[in-house]
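Would you mind keeping the following structure in view while I ask a few things?
The values are calculated or read from the model by the stated rules, or taken from the named source; none is laboratory data. Just so it is clear, the structure is predicted and the values come from calculations on it, not from any experiment. Here the Cβ positions follow ideal geometry from the backbone for every residue, glycine too, while neighbour counts run over all protein chains shown. For the accessible areas, the whole protein counts, side chains as well, though only heavy atoms, and no ligand, DNA or RNA atoms are used. Shrake-Rupley method; radii C 1.70, N 1.55, O 1.52, S 1.80 Å.
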Amino acid sequence: MEEAGKRQDYIGWDEYFMGVAEMSALRSKDPNTQVGACIVSSDNKILSMGYNGFPRGCSDDEFPWSRERAEEDPYNAKYFYAAHAELNAILNYRGGSLEGAKIYVTLFPCNDCAKALIQAGIRTLIYREDKYSDTPSVRASRRMLDAAGVEYRRYKPSGRKIELVL
């Protein structure tokens with residue numbers, strides 16, 4: 001008779017929380033880049049989530065999603081209006097302090113989000129993609145994160161396929 005034991009093929013914490021960040025990204029209406037974030041306590045409890053989009057009360061239909069011609073007409077491009085996933089996750093948190101928390105994010109943060117993460121007390125950053133790594137914004141992010149002692153590392157996919165049918 002086989003002894004009953006716990007399941008061995010459950011997902012790990014990194015898979016779980018990056019999966020939540022990926023699901024959050026699916027809420028974004030940005031036609032070019034969808035980003036999700038999940039903030040987690042040091043004891044692996046989800047504290048908050050966010051995705052890139054417009055602030056509450058700013059209609060998705062009335063504000064521009066375009067990024068074309070941003071230099072010639074900056075008011076008709078998304079950059080002045082969209083809030084990034086990391087900032088939304090911080091602002092969505094309604095608890096106490098985020099001191100010592102971790103954030104899982106689908107894209108390495110820009111310099112403004114890095115400032116917000118540092119000021120919020122987030123100590124660990126796990127990111128999936130870094131497609132803007134050579135931009136001044138992300139280079140500044142790394143410089144500030146290093147100076148503030150925020151640990152960061154790239155998420156290592158397990159290769160496991162997880163499918164949700166909703």
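Looking only at segment 62-73, which residues are open to solvent by 30 Å² or more (accessible area, probe 1.4 Å) and not charged (D, E, K, R)?
Filtering segment 62-73 down to residues open to solvent by 30 Å² or more (accessible area, probe 1.4 Å) leaves 62-63, 65-69, 71-73.
Of everything in segment 62-73, those that are open to solvent by 30 Å² or more (accessible area, probe 1.4 Å) and not charged (D, E, K, R) turn out to be Phe63, Trp65, Ser66.
Could you check, for segment 127-134, whether at least one of its residues is part of a loop (DSSP other than H, G, I, E, B), within 16 Å of the chain's Cα centre (by Cα), over 17 Å from Phe17 (Cα atoms) and among the aromatic types (Phe, Trp, Tyr)?
Our first condition is that a residue be part of a loop (DSSP other than H, G, I, E, B); within segment 127-134, this holds for 130-134.
Checking the rest, the ones that are also within 16 Å of the chain's Cα centre (by Cα) come to 130-133.
This time we only want the ones that are over 17 Å from Phe17 (Cα atoms), so: 130-133.
From what is left, the residues that are among the aromatic types (Phe, Trp, Tyr) are 132.
Looking for residues that are part of a loop (DSSP other than H, G, I, E, B), within 16 Å of the chain's Cα centre (by Cα), over 17 Å from Phe17 (Cα atoms) and among the aromatic types (Phe, Trp, Tyr), one finds at least one in segment 127-134, hence yes.
Of all residues in segment 122-152, which are among the hydrophobic types (A, V, I, L, M, F, W, C), under 21 Å from Cys38 (Cβ atoms) and without any contact (Cβ under 8 Å) to a residue 60 or more places away in the chain?
Of the residues in segment 122-152, the ones among the hydrophobic types (A, V, I, L, M, F, W, C) are 122, 125-126, 138, 140, 144-145, 147-148, 150.
Pick out the ones that are also under 21 Å from Cys38 (Cβ atoms) and you get 122, 125-126, 138, 145, 148, 150.
Listed by number, the residues that qualify are Leu125, Val138, Leu145, Ala148, Val150.
Please go through segment 12-29 and pick out each residue that is open to solvent by 90 Å² or more (accessible area, probe 1.4 Å) and either at positive phi or assigned to a loop (DSSP other than H, G, I, E, B) (or both).
Within segment 12-29, the first condition is being open to solvent by 90 Å² or more (accessible area, probe 1.4 Å), and the residues that meet it are 13, 16, 26-27, 29.
Selection gives Leu26, Arg27, Lys29.
Do you know which residues across segment 35-49 are of a type in the set (A, V, I, L, M, F, W, C) and either in a loop (DSSP other than H, G, I, E, B) or loosely packed, with under 15 Cβ neighbours inside 10 Å (or both)? Outline the logic, then answer.
Of segment 35-49, the ones of a type in the set (A, V, I, L, M, F, W, C) are 35, 37-40, 46-47, 49.
Hits for segment 35-49 are Val35, Ile46.
Restricting to segment 135-145, give me the number of residues that are surrounded by fewer than 17 Cβ atoms within 10 Å (Cβ to Cβ) and outside any loop (DSSP other than H, G, I, E, B). Give the steps one after another, and end with the answer.
From segment 135-145, those surrounded by fewer than 17 Cβ atoms within 10 Å (Cβ to Cβ) are 135-137, 139-140, 143-144; that's our starting set.
Next, only the ones that are outside any loop (DSSP other than H, G, I, E, B) stay: 136-137, 139-140, 143-144.
Within segment 135-145, residues that are surrounded by fewer than 17 Cβ atoms within 10 Å (Cβ to Cβ) and outside any loop (DSSP other than H, G, I, E, B) number 6.
A further question follows. Looking at (1) open to solvent by 50 Å² or more (accessible area, probe 1.4 Å); (2) modelled with pLDDT under 95; (3) farther than 23 Å from Leu164 by Cα, which is the one condition that is false for Gln8?
So Gln8 meets the others, but not (3).
Looking at Asn76, Asn32, Asn52, which is the one that is more than 21 Å from Lys156 (Cα to Cα), buried (at least 17 other Cβ atoms within 10 Å of the Cβ) and not acidic (Asp, Glu)?
Numbers: Asn76 fails: buried (at least 17 other Cβ atoms within 10 Å of the Cβ); Asn32 fails: buried (at least 17 other Cβ atoms within 10 Å of the Cβ).
Only one candidate passes the filter, namely Asn52.
Okay, residues lined up against (1) of a type in the set (Phe, Trp, Tyr); (2) under 23 Å from Phe108 (Cβ atoms); (3) in contact with a His (Cβ under 9 Å, 6 or more places away or on another chain):
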| residue | (1), (2), (3) |
| --- | --- |
| Gly5 | no, no, no |
| Tyr16 | yes, yes, no |
| Ser28 | no, yes, no |
| Asn44 | no, yes, no |
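Within the group Leu87, Leu98, which residue is out of contact with any Phe, Trp or Tyr (no Cβ under 8 Å at 6 or more places or on another chain), closer than 20 Å to Asp130 by Cβ and open to solvent by less than 80 Å² (accessible area, probe 1.4 Å)? Let's see the steps before the verdict.
On the way: Leu98 fails: closer than 20 Å to Asp130 by Cβ.
Step by step, each of Leu87, Leu98 is checked, and only Leu87 is out of contact with any Phe, Trp or Tyr (no Cβ under 8 Å at 6 or more places or on another chain), closer than 20 Å to Asp130 by Cβ and open to solvent by less than 80 Å² (accessible area, probe 1.4 Å).
Quick check on my filter: what residues within segment 50-76 are under 12 Å from the mean Cα position of the chain (by Cα) and in a loop (DSSP other than H, G, I, E, B)?
Asn52
Search segment 101-126 for residues being assigned to a loop (DSSP other than H, G, I, E, B) and within 22 Å of Asp14 (Cβ to Cβ), and hand back the single one that is most open to solvent (accessible area, probe 1.4 Å).
Within segment 101-126, the first condition is being assigned to a loop (DSSP other than H, G, I, E, B), and the residues that meet it are 101, 108-110, 121-123.
Next, from what is left, pick out any that are within 22 Å of Asp14 (Cβ to Cβ): 101, 108-109, 121-123.
Values: Ala101: 3, Phe108: 10, Pro109: 0, Gly121: 5, Ile122: 2, Arg123: 89 Å².
Going through the qualifying residues, I end up with Arg123.
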